[in-house]
Amino acid sequence: MIEQKDLLQHCLEQLKAGETPDRVLARHPEHKDELAPLLGLARAIEARGAESMPAAAKARIRYQLYGAARVRRAPFLFSLPTWGLRLAMTVIVVLLLGGGSWVAQAQSRPGGALFSLRMAVDETRASVLSDPKQSIPLRLQIAEDRLADIRELRSQKRLSGPPIFTLVGETEGFLSALEQFPDQADRALLERALSFVREERALLNELTERAPTSRARRDVSALLELSENWEPLLLRILDSR
Amino acid sequence: MAREGDLVRQAQRGDAQAFGCLYETYADRVFNYLLSRVCDSAIAEDLTAETFVKALQAIHGYRWRDLPFGAWLFRIAHNALVDHWRSSARKNTTSLEESDVLSDQTVDPFNQVVTWQELEWGMAQLTDLQREAVALRFIAGLSIAETAKAIQRSEEAVKDLQHKGLAALRKHLAQSAR
């Protein structure tokens, strides 16, 4: 005689295979009263499990992961005192994958429906350029555009967390490429980058002081900590010229 | 699954995009699994981040033959959860009175809706292993074999935990709805 646990599992498998509850239960009429509520409950729980996490949360974690991936390739950062600090230092983004209409992205504005598409296309543009001499200035330009976006959003009082993460991510993407190919940037570009990162850090500093919630303050402080390395990196490359 | 295996191998070689694909595949399920256990989306988000960062840091040591990737990931998520409970020194004991309106258990069982609050409260009434088996099977979407690997029990034991867990959960939810 088949055990209840096996019968339940058998029915769950049939449902998963696309059978209707009625048909599944009709095969086991003697156990229908016991099985129906269990199968129904399992389905109700599965429906909860199938929900998507909030998009902003998903994006925040994605940034942390790309940051952590980058830190993994830079072992010196692991000598920092605590895991928490390390994690805070790793809140970065590099990639927003995707593609789409090149025409539409040109018309998009911060906060608009196509804004994230524009960022994705920018990122794709930079990542498909295999020549660092071309991709490094483009990455700086993209980061500068993001800073302009933030200023626009701020002036409209519509600034939220994700664009700030994205800005820092783009800057990280630029600096990461520069760190890898320091000889591919001329002095003028390095000086422009220096001025840009100073401007960005000043903005992060200001946002930290004015963050509306403790969570927002924590997020922006983590980004500010991360940005401490930017200026020394650029100065080091400039000094080597 | 072969594609997942390829992604894991690429991620082990340091390919951030491959790990990103694994993240996209599992993020919702890991988050929902953790949300079902802590019933606080901010904590669930932090624990999800912690799970994936730890997975990234440990992936070079992961071996497919020992454990399917999903089971390995949910074991990390479970450990993150245990650490969270240890550090907060208390298990969340939300009372049902504080939760949303309960589902009507007399409705068609295949049309019932269970809220996160009901689920958290009901799951809290189960044994640790029943709770783990139900969460991994129905929220995380792991198979019996993957769940068995994740909680280090036999497949027969998982079927038993699944059956008893669902029955107990149904009983508790039905009693509290009266």
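The values are calculated or read from the model by the stated rules, or taken from the named source; none is laboratory data. Quantities reported herein were computed from a predicted structural model and do not represent experimental measurements. With ideal geometry, Cβ positions are generated from the backbone for all residues, glycine too; neighbour counts draw on all protein chains shown.
Can you confirm whether B:Arg37 is assigned to a helix (DSSP H, G or I), under 23 Å from A:Glu46 (Cα atoms), more than 9 Å from every other protein chain (Cβ to nearest Cβ) and basic (Lys, Arg)?
So B:Arg37 passes the test.
All but one of (1) at pLDDT below 85; (2) away from chain A (no Cβ under 13 Å) hold for B:Ala124; state the number of the condition that does not hold.
The single condition B:Ala124 does not satisfy is (1).
Return the pairs, sorted by first residue and then second, in which the second residue is part of a helix (DSSP H, G or I) and of a type in the set (Lys, Arg), the first residue lies in the range A:223-241 and is at pLDDT 90 or above, the beta carbons are less than 8 Å apart, and the residues are 6+ apart or on different chains.
A:Glu231/A:Arg198; A:Glu231/A:Arg201; A:Leu238/A:Arg187
Quickly run through the range A:11-60 and pick out the residues that are within 30 Å of A:Asp219 (Cα to Cα) and part of a loop (DSSP other than H, G, I, E, B).
A:Ala50, A:Glu51, A:Ser52, A:Met53, A:Pro54
When A:Met53 is evaluated against the numbered criteria (1) facing another protein chain (nearest Cβ under 8 Å); (2) at pLDDT 90 or above; (3) surrounded by fewer than 21 Cβ atoms within 10 Å (Cβ to Cβ), which criterion, by number, is the only one it fails?
Status for A:Met53: all satisfied but (2).
What do you reckon, is A:Leu189 surrounded by 13 or more Cβ atoms within 10 Å (Cβ to Cβ) and more than 23 Å from the chain's Cα centre (by Cα)?
In short, yes.
Count, please, the residues in the range B:143-163 that happen to be within 13 Å of the chain's Cα centre (by Cα) and at the interface with chain A (Cβ under 10 Å from one of its Cβ atoms).
Total satisfying the criteria: 1.
Can you work out which of the residues in the range B:153-178 that are outside any helix (DSSP H, G or I) and at pLDDT 90 or above is surrounded by the fewest Cβ atoms within 10 Å (Cβ to Cβ)?
Here the answer is B:Ser154.
Filter the range B:128-143 down to residues that are outside any helix (DSSP H, G or I) and of a type in the set (S, T, N, Q), then give me how many there are.
Looking only at that region, the number is 1.
When the residues of the range B:33-56 are narrowed to those that are surrounded by fewer than 17 Cβ atoms within 10 Å (Cβ to Cβ) and without any contact (Cβ under 8 Å) to a residue 40 or more places away in the chain, which ends up farthest from B:Ala133 (Cα to Cα)?
B:Ala42
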